[in-house]
Amino acid sequence: MTNHYVATVPVKYTDGEGQERTRFQRVGVMFRNTRNGDGSEFFSLKLDFPVGVQELVMFPPSSKEPQE
């Protein structure tokens with residue numbers, strides 16, 4: 001299991017054939033962490049830059065992305 005997820009913003013667009021599509025623009029990374037005291041899990045989100053959006057979507061990292 002990975003300890004991080006890629007944080008993305010969904011961006012809708014129309015392709016050359018008139019089809020509405022969605023691409024996912026990377027905006028940061030979310031890390032899974034474990035507390036030392038009780039072993040409970042929590043997540044920390046590190047943004048690449050200030051983001052003014054209403055929705056973030058997290059994905060497991062792809063094999064072509066550098067491991068952080």
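What to note about this one:
- Test: residue in region 34-44 that is surrounded by 10 or more Cβ atoms within 10 Å (Cβ to Cβ), within 15 Å of the chain's Cα centre (by Cα) and either among the charged types (D, E, K, R) or assigned to a strand (DSSP E or B) (or both): yes
- Across region 1-33, the number of residues qualifying as charged (D, E, K, R), open to solvent by 60 Å² or more (accessible area, probe 1.4 Å) and closer than 22 Å to SER63 by Cβ comes to 2.
The values are calculated or read from the model by the stated rules, or taken from the named source; none is laboratory data. What you see is a predicted model, and the numbers here were worked out from it, not measured in a lab. FYI the Cβ positions are ideal-geometry reconstructions off the backbone, even for glycines, and counts take in every protein chain you see. With ligands, DNA and RNA removed, areas are computed over all heavy atoms of the protein, side chains included. Shrake-Rupley method; radii C 1.70, N 1.55, O 1.52, S 1.80 Å.
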